Amino acid sequence: MGKVEIEVHRHGLMMLGSSAGITFVGVLATMFYAHWLGAEILGAYFLFLSYYNILALLSDLGFNTAALKRISEGIQPDAYFTLSFLLRLILYGLVSILLVAFRDRFVDLNNAGLFWILIAVFGIGTLASCLATAIGGANRLGLAASMSILDNITRIGVQFTGVLLGFKVFGLVGGIIAGLSVEIVIALRYLDFRPVQVRLEHLRSLIHYSLWAFLASSGVAVMDNINVILIGYFMASSDVGIYGICWTFSFFGLFVTTALCNTLWVKVSRWSATGDRETIALALSRACSYALLFTIPILVGGIILGEDLLYYLFSASFAAGFGALVLLLFARTVQSVYQLFYTFLMAMDAARDAFFVVLVGSIVNITLSVVLIPVLGLVGAAAGTLVTASISLVIAFRKLRRHTPVSLDSFAIMRFLGAAGIMGAVLILGKVLVSIHAFWRPVLLVLLGAGVYFGILLLIDRRLRDDARRTLMIRWRG
């Protein structure tokens with residue numbers, strides 16, 4: 001295994017462990033919040049997160065992604081870090097002034113007592129984002145993964161304590177503040193870059209990339225948050241909580257893709273800058289296979305066990321979201337590949353193409369949400385997400401193949417589908433034979449399904465066995 005492949009493999013495992021751990025612990029914490037607080041309070045929290053994500057976008061304007069791109073190229077990284085940091089702080093100040101000026105328009109935040117807290121979290125998040133970009137752009141992905149893990153552990157710990165002490169939504173928001181603060185402290189300790197004088201050419205370079213990056217990021221933020229906001233507009237706060245739980249739970253289908261994107265963004269950027277197209281094409285093919293390796297069984301298992309998981313893991317009221325959950329899991333399966341296509345477009349300096357993909361997806365998503373949510377409720381929101389993801393995947397594929405060959409390993413995918421089919425049959429049989437109606441029933445069946453699926457693949461897929469062997473033998477020093 002070559003030096004580059006060893007580095008990608010090692011960093012990928014770090015990010016995968018981070019993503020899997022965060023997803024798993026996050027779902028466990030959400031289970032507790034769902035039982036302890038109920039759907040209505042969770043709905044207020046999910047709305048707060050949606051507002052925060054939109055504000056983070058406005059304080060970004062694409063400069064964060066542009067800085068990540070330029071820093072990862074290794075040319076004058078100190079200057080690009082300094083300039084992006086200053087620009088983000090200026091944008092934070094301007095957006096905060098506008099927020100205060102139009103404070104009366106945010107009725108839901110004012111009634112919940114969260115308006116000024118939102119501005120504070122917004123500022124802390126902006127600083128954490130700037131520092132995380134510097135760490136990631138410097139290819140210190142092990143440190144980035146560690147920061148993310150500690151952020152989430154701290155957030156969940158403070159949230160758990162705050163909820164137990166009766167602070168409700170304020171305890172949940174307090175966990176966000178604590179997690180971001182830990183991330184800032186660690187990033188400042190290991191930051192390699194120092195403030196330097198910047199020139200007009202640095203600003204031009206950032207703006208050239210940031211414009212399209214901002215437009216693309218805007219579309220992504222809209223697609224990720226518009227459903228929650230519109231459900232809050234058309235339906236009750238409790239419905240927001242139910243959909244938020246389904247949305248969060250469906251992220252299991254993306255934890256591998258998220259790790260791959262976090263690992264490959266910087267590396268693809270450097271390969272693109274040096275013209276190493278062959279390595280990019282190979283990385284894309286392998287990444288798509290590994291994304292589908294995990295999303296396909298999660299989809300099959302979710303269809304068979306999803307209602308039980310919602311009922312026993314969260315509470316009976318959340319089982320009403322089963323239909324939406326199934327559609328969201330289908331959407332995550334599509335997104336697992338689409339997200340990789342989008343990441344490769346951005347990393348290969350094709351932000352304009354990425355924006356076009358997201359623009360079409362945003363228009364479709366908003367239109368379908370406005371039409372379907374009043375009629376079909378949560379299922380309508382999820383259906384809009386699935387259609388949007390499918391259309392975006394097709395367009396992203398057509399755009400990406402202009403820059404690099406795009407080939408999926410059809411034989412590997414067929415093996416995944418076959419193993420998932422056998423797993424599904426075992427799970428259906430298990431539901432019939434296991435008569436225990438309690439928390440442990442779906443959990444044991446999930447473990448059984450995972451064992452069957454991966455056991456079959458390890459028996460029939462030699463390359464998967466080789467990859468597993470290399471993972472066990474990898475050297476982590478150096």
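Return the residue satisfying two criteria in turn: it lies in the stretch 405-417 and is over 26 Å from residue 272 (Cα atoms) and in contact (Cβ under 8 Å) with a residue 12 or more places away in the chain, and of such residues it is farthest from the chain's Cα centre (by Cα). Only one residue fits best here, namely 415.
Looking across the stretch 294-350, just one residue is of a type in the set (D, E, K, R) and either outside the structural domain of residue 244 (by TED's automatic domain parsing) or not in a helix (DSSP H, G or I) (or both), and that is 349. Across the stretch 139-167, the number of residues qualifying as charged (D, E, K, R) and over 15 Å from residue 30 (Cβ atoms) comes to 2.
Here's the yes/no breakdown for (1) at pLDDT 90 or above; (2) in a helix (DSSP H, G or I):
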residue: 419; (1), (2): yes, yes
residue: 424; (1), (2): yes, yes
residue: 428; (1), (2): yes, yes
residue: 435; (1), (2): no, no
residue: 438; (1), (2): no, no
residue: 443; (1), (2): no, yes
residue: 448; (1), (2): yes, yes
residue: 457; (1), (2): no, yes
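Going through (1) surrounded by fewer than 20 Cβ atoms within 10 Å (Cβ to Cβ); (2) among the hydrophobic types (A, V, I, L, M, F, W, C); (3) closer than 28 Å to residue 284 by Cα one by one, residue 366 falls short only on (3). The residues of the stretch 137-149 that are surrounded by 22 or more Cβ atoms within 10 Å (Cβ to Cβ) and within 12 Å of residue 262 (Cα to Cα), listed by number, are 137, 141, 144, 145.
Note on the stretch 100-130: residues that are under 30 Å from residue 144 (Cα atoms), of a type in the set (A, V, I, L, M) and in contact with a Phe, Trp or Tyr (Cβ under 7 Å, 6 or more places away or on another chain) amount to 3.
Counting the residues of the stretch 89-111 that are part of a helix (DSSP H, G or I), under 20 Å from residue 169 (Cα atoms) and within 27 Å of the chain's Cα centre (by Cα) gives 2. Condition check for residue 409 on (1) among the charged types (D, E, K, R); (2) more than 24 Å from residue 349 (Cβ to Cβ); (3) in contact with an Asp or Glu (Cβ under 9 Å, 6 or more places away or on another chain): one failure, at (3). Filtered by the rule that a residue be surrounded by fewer than 22 Cβ atoms within 10 Å (Cβ to Cβ), without any contact (Cβ under 8 Å) to a residue 40 or more places away in the chain and assigned to a helix (DSSP H, G or I), the stretch 372-404 gives 372, 375, 376, 387, 391, 394, 395, 398. For the stretch 267-322, the candidate set comprises residues that are more than 20 Å from residue 253 (Cα to Cα) and among the basic types (Lys, Arg); within that set, the residue that is surrounded by the most Cβ atoms within 10 Å (Cβ to Cβ) is 267. Just so you know, in the stretch 365-383 the residues that are modelled with pLDDT of 90 or more and of a type in the set (Val, Ile, Thr) include one that is nearest to residue 295 (Cα to Cα), and it is 379. Filter the stretch 150-167 down to residues that are surrounded by fewer than 18 Cβ atoms within 10 Å (Cβ to Cβ) and under 18 Å from the mean Cα position of the chain (by Cα) and give me whichever is farthest from residue 67 (Cα to Cα). Among those that are surrounded by fewer than 18 Cβ atoms within 10 Å (Cβ to Cβ) and under 18 Å from the mean Cα position of the chain (by Cα), it is 153.
Between 170, 193, the distinction of being touching a residue at least 24 places away in the same chain (Cβ under 8 Å), surrounded by fewer than 20 Cβ atoms within 10 Å (Cβ to Cβ) and in a helix (DSSP H, G or I) belongs to 170 only. Which ones in the stretch 288-327 are touching an Asp or Glu at 6+ places or on another chain (Cβ under 7 Å) and farther than 14 Å from residue 38 by Cα? Matches in the stretch 288-327: 289, 322.
So, residue 239, is that one of a type in the set (D, E, K, R), assigned by TED's automatic domain parsing to the domain that holds residue 336, within 30 Å of residue 314 (Cα to Cα) and out of contact with any Asp or Glu (no Cβ under 6 Å at 6 or more places or on another chain) or not? Criteria met by residue 239. Looking at the stretch 50-82 only, could you name the residues that are more than 24 Å from residue 354 (Cβ to Cβ), part of a helix (DSSP H, G or I) and of a type outside the set (Asp, Glu)? 51, 79, 82, listed by residue number.
The values are calculated or read from the model by the stated rules, or taken from the named source; none is laboratory data. Note that the structure is predicted; figures quoted are calculated from it, not measured. Cβ sites come from the backbone with ideal geometry, for glycine too, and all protein chains shown count toward neighbours.
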